[in-house]
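Below is one structure, written out as structure tokens, with a few remarks after it.
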Amino acid sequence: MAPSFYHYLPMHMDGKWGSEVGYPKRWIWIGALLFALMVVVVLTVTLIILAVRVNSRACRDGLQVQQECKNTTHLLERQLTQARVDGWRAQAEADSCNQTALFFLGSEILSSVPDSPFVFWEIKKLNQTLQEKLAEVELLRKEKEASEQSKSFDSSSSSAAPGPAVAAALLLLLGLTLKFQDASW
């Protein structure tokens, strides 16, 4: 007997395609579900591709704007640093000019001071005070430099050096001391 490779769908004995068997309805439903699933997958992939394209354009634009902001910020930081350095140089030049002017002013005052022993002892006392104040100013200057090195450039600093009036008085005392020391020798 020859083998049979035929496969027939089972049928009821009455020969009708009944709902009990359900093969044709099942295949229709499976086909419809597969088609719906395929439509959902295609739409999802399409939406993902569109979203990536739109986001990539927005990301490129955003990165370009971010880079422009960084460049502008760096330029402004360099300009601010240069302005601070220029300000410090100008302050140093002004201090130098003030010291020179005070030196000449002290020289004029020294030429008009009379020579007397009382003035000599007073100047010696003032000279000692001057030395103490200069040591104090140097200590404050060192503390200021140490604090500036530990801080960033963001904080504005006030000068720890004495004001012009104090500097003038100190230079005058120094000049008077030198004059009387030269006179006593």
Filter the range 121-169 down to residues that are aliphatic (A, V, I, L, M) and in contact with an Asp or Glu (Cβ under 9 Å, 6 or more places away or on another chain) and give me whichever is modelled with the highest pLDDT. ALA167
What about SER116, is it under 24 Å from LEU176 (Cα atoms), exposed (fewer than 11 other Cβ atoms within 10 Å of the Cβ), among the polar types (S, T, N, Q) and modelled with pLDDT of 70 or more? no
Inter-residue pairs, beta-carbon under 9 Å, first assigned by TED's automatic domain parsing to the domain that holds GLN128 and in the range 173-184, second at pLDDT 65 or above and basic (Lys, Arg), 6+ apart: THR177/LYS124; PHE180/LYS124; GLN181/LYS124
Using the structure shown, decide if THR100 is modelled with pLDDT of 85 or more and surrounded by fewer than 14 Cβ atoms within 10 Å (Cβ to Cβ). no
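The values are calculated or read from the model by the stated rules, or taken from the named source; none is laboratory data. Note that this is a predicted model, so its numbers are computed, not measured. For neighbour counting, all protein chains shown are included, and Cβ atoms are generated from backbone atoms with ideal geometry for every residue, glycine included.
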